[in-house]
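Participant: There's a structure below that I have some questions on.
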Amino acid sequence: MATTLGFVGLGTMGAPMARNLIRAGFSLRVYDVNADAAADLGTAGAYVAGSPADAARGAAAVITMLPNGNVVEAALFGDGGAVEGLSEGALCIDMSTVLPSQTDAFAQRLAERGVQLVDAPVGRSSQHAVDGKLLIMAGGEQADVERARPYLEALGDTIVHCGPVGAGERMKLVNNYMSIALNVLTAESLTMAESSGLDPEQAREVMMGTVAGQGHMGTTYPAKVLKGDLTPGFMVDLAHKDMGLALTMAAELDAPSWMGAVAHQAYGLARRAGRGREDWTALYPTLRSLALDAPSRRRD
Ligand code: NAD
């Protein structure tokens, strides 16, 4: 007999994910506050439940794909919430993006009812959800992640077990911190090119040939700082000087340069820490010592 799964939250991401689970042979019980979204999945073969509790009834696992942590909390623990339908020993898999400390609290409340939580937020786009090619960052006990794996494999082509409960959400937020901030820097840089009278498409092509477009994680970091080598390829002092020049040019053009202004100060800090003649990737140990050696972190 097909394994039964509950699925709550049938929006941009959840609807195609639920369809992929049906396609993979699972028997689905779905719920969404938007009755039309649920009815669509009913047409695809799912049982349309009247509440999260009804969706969870008799299911080996309930999957939630909801807008934020408060909605997840309501869907799990509110009136008619999934916990009312989940049997002891069942699994809850939250694939929404939520605050990790909220995930930790959910895990504790679920454990009190004999239900284990795996947090499994996703990377990539809604098209990847349609294609079943999401990148899934899972957090939870090894045995629970292994129990979730057959379901997750119907949804994504890359499943990374990041650590205990909450580690998936932590990884997801670190990833999004970088990609969301890079978007601002990208927009600033192309705008600066255009404000300078350059062709932004040509600027994009030039930058794709350098670290600007290729990124540090695949180039300078593995070549230098991650190997413990801070002998300069390009010095902190020079990066500080060049950022100063770019900021002055931006000021002359009235072009936005917020991210660069912050970066200039960070390079200044590295210089004051005595790292001016080290490789520019020495920014990493500069920030690490600020964060990890902070008195609030010390246990002595
Ligand atoms: P969405 O707004 O399209 O879908 C959310 C669904 O939840 C809707 O169908 C809504 O009706 C339903 N819903 C709201 N409250 C509910 C409740 N109390 N009970 C049941 N259903 C309820 O959002 P989305 O784009 O599918 O995103 C879902 C999650 O995935 C979010 O946490 C988001 O951050 C994350 N995410 C989204 C993307 C993306 O590209 N859209 C990518 C990665 C991760």
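Read the figures in this text as sums done on the coordinates, not as results from a lab. The structure presented is a predicted model; accordingly, all values stated were derived computationally and were not measured. Every residue, glycine among them, receives a Cβ derived from its backbone with ideal geometry; neighbour counts consider all protein chains shown.
Participant: Can you give me the number of residues within region 116-131 that are more than 9 Å from the ligand (Cβ to nearest atom) and touching a helix residue (DSSP H, G or I) at 6+ places or on another chain (Cβ under 7 Å)?
Facilitator: Residues flagged as more than 9 Å from the ligand (Cβ to nearest atom) and touching a helix residue (DSSP H, G or I) at 6+ places or on another chain (Cβ under 7 Å) within region 116-131 amount to 6.
Participant: Could you pull out every one of the helices (runs of 4 or more DSSP H) wholly within region 186-300 that has 1 or more residues that are in contact with a strand residue (DSSP E or B) (Cβ under 9 Å, 6 or more places away or on another chain)?
Facilitator: Qualifying helices (runs of 4 or more DSSP H): 220-223, 236-253.
Participant: If I go through region 88-111 residue by residue, how many of them are free of Cβ contacts under 8 Å to residues at least 40 places away in the same chain and either small (Gly, Ala, Ser) or within 13 Å of the ligand (Cβ to nearest atom) (or both)?
Facilitator: Counting residues in region 88-111 that are free of Cβ contacts under 8 Å to residues at least 40 places away in the same chain and either small (Gly, Ala, Ser) or within 13 Å of the ligand (Cβ to nearest atom) (or both) gives 6.
Participant: Take Asp40 and decide whether it is within 25 Å of the chain's Cα centre (by Cα) and free of Cβ contacts under 8 Å to residues at least 40 places away in the same chain. Talk me through it step by step, then tell me what you get.
Facilitator: On the way: within 25 Å of the chain's Cα centre (by Cα): no; free of Cβ contacts under 8 Å to residues at least 40 places away in the same chain: yes.
It is false that Asp40 is within 25 Å of the chain's Cα centre (by Cα) and free of Cβ contacts under 8 Å to residues at least 40 places away in the same chain.
Participant: Restricting to region 88-124, name every residue that is assigned to a loop (DSSP other than H, G, I, E, B) and crowded, with 19+ Cβ neighbours inside 10 Å.
Facilitator: Ala90, Met95, Ser96, Thr97, Val98, Val115, Ala120, Pro121, listed by residue number.
Participant: Identify, please: which residue in region 132-175 is within 16 Å of the ligand (Cβ to nearest atom) and assigned to a loop (DSSP other than H, G, I, E, B) and is, among those, surrounded by the most Cβ atoms within 10 Å (Cβ to Cβ)?
Facilitator: For region 132-175, the residue satisfying everything is Leu155.
Participant: A further question follows. Which fully enclosed helices (runs of 4 or more DSSP H) of region 1-87 have 3 or more residues being more than 27 Å from Ser125 (Cβ to Cβ) and within 11 Å of the ligand (Cβ to nearest atom)? Can you show your working first?
Facilitator: Details: elements: 14-23, 35-43, 52-56, 69-77.
Hits in region 1-87: none.
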